[in-house]
Amino acid sequence: MEPAHTWADPPEGLLDHIFSLLRSFVDRACCTGVCNSWRVSATEKEHAAPPLLPCLLMPSTAGASCFHFFSKTTTKPIAPHARFCGSIPGGWFVVAHQQWREYALLKLSSGERISFPDGLRGQEIPFDLRVGVQPSALVILAATVSPAPTPDGRYVVAAITFGHNKAVVWKPGMERWIPLEPQQALRGPALGKRNQLEKLEDVIYYSCDQHEGFYFLTSQEHLLVFDPEYDDDGQISGDLDGYLFPDHHMTSPPEAGQVVGGRYLVESDGRLLMVKRFVSPGRGTVSFQVFTLEWETSDPHWESSAAVVTGKLLFIGRGCSRAIQTGRSGPGFIYFLDDAEGFPDVQSTVRTEKQYRCSDTGWFCCSPQYIEKSWPQGPRPDCSPWIWLYH
C-alpha cells in the first residue's frame, strides 16, 4: 500500500493544477504560507508563466535588474543602455537608444526592435548634432501604443514631446511623426489658446462608448482625445477633441507646503481614472487622490472616487500605468515611480552620464493611509529612470 501524501508532498502535478486555477495573486500568495514546498512551487509557477504582477525594471549601463513583486526576487535581464519612455503589455517598451535619438519599440525578451523616425513632419533634423540637445530635436518624454505591435502594422504610437509640438503620433510606414494641433479642433471659446499654455502630463490608449483613442491629460486636468483612423496610403487621420471641465475645481494639497507632483491616467474595470500625486519638500511623495471620468450625455467630468481603488493595485508612471485586480475587497494600493518632478525642461529629462532619481519610489496604502519606500537596491540608474515591465 502506497504511503499517504502529505501537505508537503502532494501528488505530482497537483500543485501545478491548483496554481493554474488561481487567477488572483493574493490567492497564490496565501498558498505560499502552507509550507515550504508550496512556497517553492508558487515561486516557480510565477517565473515559468507570465506573472500576474508587473516587474520593476531598473535599467543601467552596469547591467539592468528586474524585481519580481510576487517572489521578491531579482533577475538580471539583458536590456540596452537606453532611456525607457513607455511600457506596453507583452513586454514591449518605447526606448531612446541615445537618450534623445534612435527611438524604437523594443521587446525585451526577444530583442525585437521596430525603429521610429527622429523628426516631425515638416521639420528637418540636422544630420550632425554634435553637442547637447538641439532645438529641432524630437525629445519624447512619455509614449504609449495601440494596440500592441502586430506584424500587419495596424497600430499607432502616441507620445508627449518637449517643446511646442507636445502631442505627436506615428504608425509604421511613416517617415515622420505627425504633430497634433489642438487649436484646430478643440471645443469651447479660446480653448485652443488656453491649451497651448498647458503642459501634457500623461497619455493612455482607452476605449469607451464615446471615444476609442489616445487620451492626453493636461496640467489643468483637461483632456485631449485623438481617435486615430487608418487610410489606404498608410497615413493617420482622425478627430481630435478637447474637453474642459468648467465645474471641476482642482483639489488643493492635503497640507500646507505640499504641491501636486504628478497626474496619471490609468484604466480600471473599463473606467478611466486620474491619479493625483502630492509631494512635500524634503519628504517626497506623501499622498494620492483618485478621480473617475464620468460621462453625462456627451460631456464628461471628473468625480472624486477613492472607493474605486478598493481591491486593486495601481501601478502608475507616465506612459506605463496599469490596474491589477487582487480578487479581494481589502484596501487598494498605489505603486509609484520616482517621476514626481515631471518634465520641467529637457535637461532634467535627458541626462548624459548622470544619475536619474529613484529614491522617491514606493507604495501607498489607501486605507489606512501610509507610505512605504523600502525597495531593493538596484544598479546605478545612469541611462534611464525605473519603469514597470508588463509581461
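What the Cβ-Cβ distance of residue 355 and residue 325 gives, at R0 = 41 Å and to the nearest 0.05, is a FRET efficiency of 0.70. Counting every other Cβ atom within 10 Å of each residue's Cβ, 296, 102 order from fewest to most as 296, 102. A cut-off of 5 Å between modelled amide H atoms, ignoring neighbours fewer than 5 places along the same chain, links residue 287 with 278.
Quick one: net charge around residue 203, please, counting Lys, Arg +1 and Asp, Glu -1 for every other residue with C-beta under 13 Å from its C-beta. Net charge around residue 203: +1. Here the 3J(HN,Hα) profile of region 266-279, calculated from phi with Karplus coefficients 6.51, -1.76 and 1.60 at θ = phi - 60°, is 8, 8, 9, 6, x, 10, 8, 10, 10, 10, 9, 10, 10, 10 Hz, Gly and Pro shown as x. In this structure the amide hydrogen of residue 161, modeled in the peptide plane, comes within under 5 Å of the amide hydrogens of 141, 167, 168, none closer than 5 places in sequence on its chain. Neighbour counts of other Cβ atoms within 10 Å put 174, 274, 58, 250 in the fewest-to-most order 250, 174, 274, 58.
Taking the Cβ of residue 264 as the center, what net charge do the other residues with Cβ under 10 Å away carry, scoring Lys and Arg +1 and Asp and Glu -1?
Residues close to residue 264 contribute a combined charge of +1.
Between residue 8 and residue 210, the distance separating the two model label sites (each 7 Å from Cα on the Cα→Cβ line) works out to 5.9 nm.
Close amide H pairs (under 5 Å, H built 1.01 Å from N) link residue 99 with 83, residues at least 5 positions away or on another chain.
FYI, it's all coordinate maths here, none of it is from the lab. What you see is a predicted model, and the numbers here were worked out from it, not measured in a lab. Cβ: placed from backbone, ideal geometry, glycine included. Neighbour counts: every protein chain shown.
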